[in-house]
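Here the structure is laid out as structure tokens; the discussion comes afterwards.
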Amino acid sequence: MSSQLTERREKLSTPAGNAAGVLEAPADGEPEIRKSSPAIQEDRETLLKIFHQMLLIRRFEEKCAESYSLGKIGGFCHLYIGQEAVGVGSISALRDDDYVITSYREHGQAIAKGILPEAVMAELYGKAGGCSKGKGGSMHLFDKSVNFMGGHGIVGGQIPLGTGLAFASKYRESDQVTLCFFGEAAVNQGAFHESLNMAQLWKLPCIYICENNQYGMGTSLARAMSLQNVAEKASAYSMESEFVDGMDVLAMRRATQRAIKRARENYLPTLIEARTYRYMGHSMSDPGNYRTRAEIEKYQERDPIKIFTATLKESSILTDKDIADIEARVKEEVERAVRFAEESPEPDPSELYANVYANPIEN
Amino acid sequence: MPVTTMRDALNQALREELARDANVFLMGEEVAEYQGAYKVTRGLLEEFGPKRVIDTPITELGFAGLGVGAAMAGLRPIVEFMTFNFSILAIDQIINSAAKMLYMSGGQFPIPIVFRGPGGSAYQVSSQHSQAIESWYAYFPGLKVVMPSTPADAKGLLKSAVRDDDPVIFIEQERLYGLKGEVPENDDFVIPLGVAEVKREGTDATIVARSWMLPVAMKAAEELAKDGVSCEVIDPRTIRPLDINTIVESVKKTNRVVIAEESHPFCGVGAEISAAISERAFDYLDAPVKRVSGVDVPMPYAKNLERRAIPDVAEVIAAVRAVSYL
């Protein structure tokens, strides 16, 4: 092993040990989870906004599961439950004009970036009021007004696209950054490696966030990846990287803030590996027979909302009454989203032929 | 009017469009310092600098996708494939990203990008470097597919492609890069996409030919004229959207049609044109539609075999004679 790799591995491993007792070390060089959250630096308003978003996404996704079972939502539907800290923590560090692009498990990131839950739910319902006018569905949420550049359905397909968004920012000499999310299974695609190479070669302000939920559909990380330390792969491109506890929203926010600084100031990319876990199946049609109930429960002990609640309560930022108030507000927001989706009309039949071309040619 | 090669006509188009719009940039393998593998991009690095004329690593999927992402953010990339054979590595980004982005985003994200480079048969480079794959791209709604056959068309169509807000697949013919013809020097010279051109008027039979097969068809028409057979030669120029009306109007006049193409026949563009003629002008036909296509085998290397794999003037003449029952 090169000395650079050794050094990087040392940097990635924390001396705290595997105190959380959650992530066992399955492979050589497996990074370990930090014992405690980073110190709070944010004001109360920011912290409550983060808490609210995480809870909103959780309840929104639970409602999606329900609506899917009722046949209100069709096709593939990939839920974000368990991974909320990754999307919310990292997006909370962005400016409004920064870009977010991601995969098909994107309801949470779409809401965190500012698409109204109403517009997301209506899209899932295939309604005209959806953020993609009912033409994209669960996997293809888009909203130009908040620079949410899509949910993309081919594993890894969004990684070159995100690299291109960052390219455009640099081309225009803007200091906008791009957050490009993908699952760990996408790391095995050529698109990941081709993109990271170009981003470091050309110094593009793209922050690659690998949401390592440890399963590519039903195939575990151990069965799919020769070197399972994703963050370490950045060294192949001389790119900065970090391994982050993806169940800890403040840790996600901090790591993203560090990456944003590099991107805004020096047009430098970063690879962040966020170790996380999805509680639901890969999609709504997946019963998840490839893992045990016990494994899921083990991760639920370190539930991102539970961890953040404890942190906020310990710091006397959040009271039980605050939690009850936010729960009530979230319940109302989700109900409003469903109501909007129910009442929104179906797309006009003429929409079938609209938007195939920006400059249509009649023949 | 100045006489120019197709290579230089394309170069003029690129230079003019780069000068016209600061959002236009050019990227691809060897396009900058090497001056282009086929010299189409000669001099552009010197004129526009490395920010706008960019050498890429050999990473087709990566830079094709990067271009689509940049287009989502409002830039107007011109992505050169050294040859369209290598676009096969990038096809996920072309089909699943570029072609569908506008539609699946409900109209929010047009993708104004041009993917261009040489395609079709080349000289003695065997199976992987010598093939016509326009039917793959023409299959997909959301893409426009352009194949010029003359230097003037190459210039005017490429300028239109760069100004168009949709993804355009622009397939040049490597063996036509040296072809000379009159080319307007005017910066505003554009040829609209989706418009076929009658390259030669005639009354007895219609030949539909594109790209490499257009000069072959013109030569065949010339030979046939000596025997008193008057051929109308039509170049669709844009494969998608196809100007089928111009073809159908010609067939209604001549009542006989030959479709000449260097691609494989199965599921090819010629098959689509043939079906469209059957649907729209069946009652006008005095003979079944006839296709002249590349042989349905991977391209061989040996000179004698390669010559037999690509349709020539004699085959087009024979086809016209067949539909004319001569």
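Values in this text are rule-based calculations from the coordinates and carry no lab data. Everything quoted here is computed from the prediction, not taken from an experiment. Please note: Cβ atoms are built from the backbone with ideal geometry, for glycine as well, and neighbour counts cover all protein chains shown.
Tabulated results
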quantity	calculated
Calculated log₁₀ intensity ratio I(q)/I(0) where the Debye formula runs over C-alpha points of segment B:165-236, q = 0.15, 0.20, 0.23, 0.26 Å⁻¹	-0.64, -1.00, -1.15, -1.25
Size-normalised alpha-carbon gyration radius of chain A, reference 2.2 N^0.38 Å	0.97
Scaled radius of gyration (Cα, divided by 2.2 N^0.38 Å) that segment B:1-140 gives	1.06
P(r) tail fraction, segment B:89-190 - alpha-carbon pairs more than 18 Å apart, %	53
Net charge, A:G136 excluded, C-beta distance under 11 Å - Lys, Arg +1, Asp, Glu -1	0
Lysines with Cα under 28 Å of B:K226, excluding same-chain neighbours fewer than 8 positions away	B:K180, B:K199, B:K252, B:K253, B:K290
Rg(Cα)/(2.2 N^0.38 Å) for the protein assembly as shown, N = residue count	1.08
Chain B - mean residue ellipticity at 222 nm from DSSP helices (-39,500 (n - 2.57) per run, n ≥ 4, rounded to 500)	-10000 deg cm²/dmol
Label-point gap, in nm, between B:E197 and B:E30 - each point 7 angstrom along Cα→Cβ	2.9
Net dipole in debye of segment B:100-204 [+1 Lys, Arg Cβ; -1 Asp, Glu Cβ; about Cα centre; nearest 20]	300
Kirkwood estimate for chain B, i.e. one over the average of 1/r between Cα atoms, Å	20.0
Mean residue ellipticity (222 nm) of chain A, computed from DSSP H runs ≥ 4 via -39,500 (n - 2.57), nearest 500	-13000 deg cm²/dmol
Efficiency of FRET between B:F266 and A:A65 - r from beta-carbon atoms, R0 51 angstrom, step 0.05	0.65
Farthest positive-ward along the protein assembly as shown dipole, Cα basis, beta-carbon charges - from B:T246, B:N96, B:A122	B:A122
log10 of Debye I(q)/I(0), alpha-carbon scatterers only, for segment A:173-296 at 0.13, 0.19 Å⁻¹	-0.54, -1.02
Per-pair calculated FRET efficiency, R0 = 22 Å: A:R262 and A:Q41 via Cβ, rounded to 0.05	0.75
Pairs of lysine residues in segment A:22-171 - Cα separation under 18 Å, sequence separation of 8 or more or cross-chain	10
Cα-based convex hull, segment B:18-61, per residue volume (Å³, whole number)	74
Relative contact order (percent, whole number), chain B, Cα cutoff 8 Å, 6+ residue spacing	16
Choice from B:R210, B:R76, B:R20 with maximal GNM fluctuation in chain B (Cα, 10 Å cutoff)	B:R20
Relative contact order (%) - chain A, alpha-carbon pairs under 8 angstrom, separation at least six	21
Lys/Arg +1, Asp/Glu -1 at C-beta; the protein assembly as shown dipole; positive extreme among B:I273, B:I169, A:V100	A:V100
Pair A:R336, B:S278: separation of 7 Å Cα→Cβ label points (nm)	5.8
Order of A:H107, A:H140, B:H129 under a 10 Å beta carbon neighbour criterion, fewest first	B:H129, A:H140, A:H107
Label-point separation, A:I317 to B:L326 (7 Å along Cα→Cβ), nm	8.7
Which of A:H282, A:H78 has the fewest Cβ neighbours within 10 Å, and the rest in rising order	A:H282, A:H78
For chain A, built as a Gaussian network whose Cα springs stay under 10 Å, the top-fluctuating residue of A:I326, A:I272, A:I40	A:I40
Ranked B:S87, A:S283, A:S174, criterion: other C-beta atoms within 10 Å, fewest first	A:S174, A:S283, B:S87
Highest-MSF residue in chain A out of A:L312, A:L165, A:L79 [GNM, Cα springs under 10 Å]	A:L312
Alpha carbon centroid spacing (whole Å) that separates segment A:114-174 from segment A:282-315	27
Magnitude of the charge dipole, chain A, Cβ model with Lys/Arg +1 and Asp/Glu -1, debye to 20	460
Three-way shape call for segment B:20-96 based on the alpha-carbon gyration tensor, with the a/c threshold at 1.5	oblate
Test item: Cα-centred dipole of the protein assembly as shown, Lys/Arg +1 and Asp/Glu -1 on Cβ, debye	520
Diffusion coefficient, µm² s⁻¹, Stokes-Einstein with Kirkwood Rh over alpha-carbon pairs of segment B:186-326 at 37 °C and 0.692 mPa s	215
Radius of gyration and Dmax over the Cα atoms of segment A:274-345, both given in Å	16.8, 47
Volume per residue that the Cα convex hull of segment B:61-139 spans, once the total is divided by residue count, Å³	79
